[in-house]
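Any read-out appearing in this document is the output of simple, stated calculations on the displayed coordinates, not a laboratory observation. From a predicted model like this one, the values you see are computed outputs, not experimental measurements. Every residue, glycine as well, gets a Cβ built from its backbone with ideal geometry; the counts of neighbours run over all protein chains shown.
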């Protein structure tokens, strides 16, 4: 687990002045993205957010300002995906972070030479941060699992394996897109409970899921197990993740092999990846009720219990077509926190590799819907509308049980803690278009 | 659907004489693989099998013998993966097939110039034929689904959705390997029915699954649907596929989101991809019992009913450590046929894209275990041993309920039909190593 160091110092400020004004991207954050200038024919390359600017890492790499592993990492980060950077592992990434932190600090001697490599964030567009070889979605919120389970099995909402094993399944990587993604309402086969036969048509119960996405860092080979003590060395960083779901398609298709087309039509990630090192000050402890089973030894460590969780505030908003047309503010749907997760990031990757499964740099692990213990912390409309039975009221008088065409979902995340600067993840935004048929 | 043409002519012979002697690879076959010379430091590139030889497509491409789309496809096939070739689509691939067929025929004027580009198959090693972006596994054998269902639900083996929708789930692409793959017995969490708590240790119920693998050809974009009439334009070809399964891990983990670590430790494909065009003579009709529901309109076409299936004979063998040591022949476990599939390849890809899911060249669709209607056609040990209850006898006196360390599984496939030459797929071979812990 990465420790708090000088790059997290609350007293650090940047010569990029916007970074010092409660921005999502103070000098203590330094998240990575892949970008290019909007509308320009130029190569995608890595960038680091600082205030309202992006530091163009390809431009910086050419200057040969750094040395050793920091320069190696910088050159990796100037490629069109971050996979190579991710695979360098925590030491090189940490060296790059320290070098970037020093370079961007107030009174850095590099200010003049680096100023031309800054680009305003509102002048860029993002690319996918990496090639996602495999995408896995977990189910780590016990509150979400219980709420969903109640809809299907009121007397027995939580299955016997839930508290023993991080439940997960493989998802589709070909339709993962970056914030700004739009997609057509999926069409599929569904069967109403009272119908004798299924029918084929547009999804009627379209939903979002408020999740975090974890990117794999250093790869493992097939057959190589990950010890929980070293697990976070194989995690690069975290984004916000919206795992769109078609509830009616899922209900008909998912037995016995799990969700398939109910999920594979679209999934949206935020463009900025906040590194595990940047998150060092915002760890949370991970204790379970004494009546719950404790994790088996291979999923347990002292450090995991002390600090395995991540204290990341999440919030979810909707902007309907009507709100957009009437220039009304988006409406908050819920707020939650990643610390409610029943399994830690270290446990997820340790479990994932425990059968010898190869983990590749850039693989994405979704946390599963991060619902919290109260109704206001529900991470999906399925929960907020009590299984689609009770519509929720929006401030402009509209109601929603599930999503309508033209709805935009906005998710945000940030970390705050006494003695640390607030850092943010930016946001993930995506819009539902009408079905094509 | 591709039609029978001059490349399938039963009277064609090749100047590569071995191809004319009931080889898996007569001139009517011409399957693709990625290869290089064994132990040589040289680039992986595409090859086509002819008899006991490989035609080195990179070497042929440099000669500029072909023109138009055949030459374009040949150059694509000389890359280190076949993804570009696959994405060219059926017209270009068909042009290349015709050009290769003409070039390899008896009395071809190209014989002298092409002879140096042949390499003996026993002098090569294979690479992965393509980058597999996403891997999906279906469940198309109703006999397998019923047999497995009976183990869990004796009174209600087949779930209500089975005859309406091709059941499938996403699998793990990072551990798909080529024939010759070895892997350590997976370790995982399991819970014996009479145990109060789960435990972590080596899998006790390791199994193979006899499957076919379908490779996606021309890509589709997100939101682009595939009409069943055009569906096979998006399929490049077929391999043999062994989807290794850890039954005890699966039983504990799979509810409610499906198989995960029970499958992701290893999957093995045969190196040669037989193209959909090569399979044109071996189509089978696809009719269901009149009492079964007929497919919904988007999964139905006249042509699909007439010829949607593929008549491919499958066989599965075991070679135990003892057989190897005592120089005994491998033992046949079962035989089956892909024509038993309840869903056709066209239905699988049409269904897969029906929600707007992007299909990428090189994506792999597993057929699911291809068990046939009789016991002798069971495609897994789980079925052959009646759920692990009745060991099967091997000819050398050994018994198996599930796989033991050192066991090698060999799968073969071939097509025979009156009026057509027999073509084969070669084989897929892989060996279980002891668990690492």
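If you line up the long axis of helix B:68-77 against the longest principal axis of chain B, both from Cα atoms, how many degrees apart are they, to the nearest 10?
50 degrees
Please report, for residue A:327, the nm distances (one decimal) from its label point, 7 Å out from Cα along the beta-carbon direction, to the equivalent points in the remaining copies, shortest first.
Counterpart label points of residue A:327 in the remaining copies fall at 9.1 nm.
With springs only between Cα atoms under 10 Å, which of A:149, A:424, A:68 fluctuates most in a Gaussian network model of chain A?
A:68
Expressed as a whole number of Å, what is the distance separating the alpha-carbon centroids of region A:340-354 and region A:254-300?
Cα centres, region A:254-300 to region A:340-354: 6 Å.
With springs only between Cα atoms under 10 Å apart, run a GNM on chain A and tell me which of A:108, A:245, A:179 wobbles the most.
Among A:108, A:245, A:179, the largest mean-square fluctuation in the Gaussian network model of chain A belongs to A:108.
Where the label is 7 Å out from Cα toward Cβ, how close does residue B:106 come to the same position in every other copy, in nm, shortest first?
When each copy's label point is compared with this one, the spacings are 8.9 nm.
With angles folded into 0 to 90 degrees, how steeply does helix A:142-152 sit against the dominant principal axis of chain A? Use alpha carbons for both and round to 10.
Tilt relative to chain A: about 20 degrees.
Report the Cα centroid-to-centroid distance between region B:144-171 and region A:63-131 in angstrom, as an integer.
Cα centroid to Cα centroid, the span is 51 Å.
Give me a single rounded figure for A:121-133: the average over its residues of other chain Cβ atoms within 10 Å of their Cβ.
Details: counts 0, 0, 0, 0, 0, 0, 0, 0, 0, 0, 2, 2, 7.
Whole-number average of other-chain Cβ neighbours for A:121-133 is 1.
Find the chain A residue whose Cβ sits closest to the rotation axis that carries A onto B, and give that distance in whole Å.
Of all Cβ atoms in chain A, the one nearest the axis gives A:258, 1.
Please work out whether region A:390-437 counts as rounded, prolate or oblate from its C-alpha gyration tensor, where a ≥ b ≥ c are the square roots of the eigenvalues and a/c under 1.5 means rounded, while otherwise a/b larger than b/c means prolate and anything else oblate?
Numbers: a/c = 4.36, a/b = 1.97, b/c = 2.21.
It is oblate, given that a/c is not under 1.5 and a/b is not larger than b/c.
Report the FRET efficiency, 1/(1 + (r/R0)^6), for residue A:11 and residue B:433, where r is their Cβ-Cβ distance and R0 is 51 Å, rounded to 0.05.
Numbers: r = 55 Å, r/R0 = 1.07.
It comes to 0.40.
Calculate the length of the line joining the C-alpha centroid of region B:1-52 to that of region A:363-428, in whole Å.
55 Å
Hey, with R₀ at 35 Å, roughly what FRET efficiency would residue B:396 and residue B:125 work out to, going by the Cβ-Cβ distance, to 0.05?
Using R0 = 35 Å, I get an efficiency of 0.70.
Once fully extended, how much extra length lies between residue B:153 and residue B:418, figured as 0.36 nm per residue of separation less the alpha-carbon to alpha-carbon distance?
On the way: separation 265, 0.36 × 265 = 95.40 nm, distance 4.16 nm.
Once the chain is fully extended between residue B:153 and residue B:418, it gains 91.2 nm.
Out of all DSSP beta bridges with both ends in chain B, state the antiparallel percent to the nearest 5. Please report the intermediate quantities before stating the final value.
On the way: 65 of 74 bridges.
Counting DSSP beta bridges with both partners in chain B, the antiparallel share is about 90 percent.
Out of the DSSP beta bridges found with both residues in the protein assembly as shown, what percent are antiparallel (nearest 5)? Before the final figure, lay out the partial values.
Values: 132 of 150 bridges.
Roughly 90 percent of the beta bridges in the protein assembly as shown run antiparallel, per DSSP.
Where the label is 7 Å out from Cα toward Cβ, how close does residue B:420 come to the same position in every other copy, in nm, shortest first?
Nearest to farthest, the other copies are at 6.3 nm.
To test your reading of the geometry: what angle, between 0 and 90 degrees and rounded to tens, separates the Cα axis of helix B:90-104 from the longest principal axis of chain B?
60 degrees
Build a GNM of chain B with springs between Cα atoms under 10 Å: which of B:228, B:423, B:392 gets the top mean-square fluctuation?
The residue that fluctuates most here is B:392.
What FRET efficiency comes out for the pair residue A:112/residue A:37, r = Cβ-Cβ distance, R0 = 25 Å, nearest 0.05? Can you show the working numbers first?
Working: r = 22 Å, r/R0 = 0.88.
After rounding, the FRET efficiency stands at 0.70.
Is it possible to state the helix-based mean residue ellipticity at 222 nm for chain B, with each DSSP H run of 4+ residues giving -39500 (n - 2.57), the sum divided by total residues, to the nearest 500 deg cm²/dmol? What is it? Show your work: numbers first, answer last.
On the way: 11 runs with 83 residues, N = 437.
For chain B, the value works out to -5000 deg cm²/dmol.
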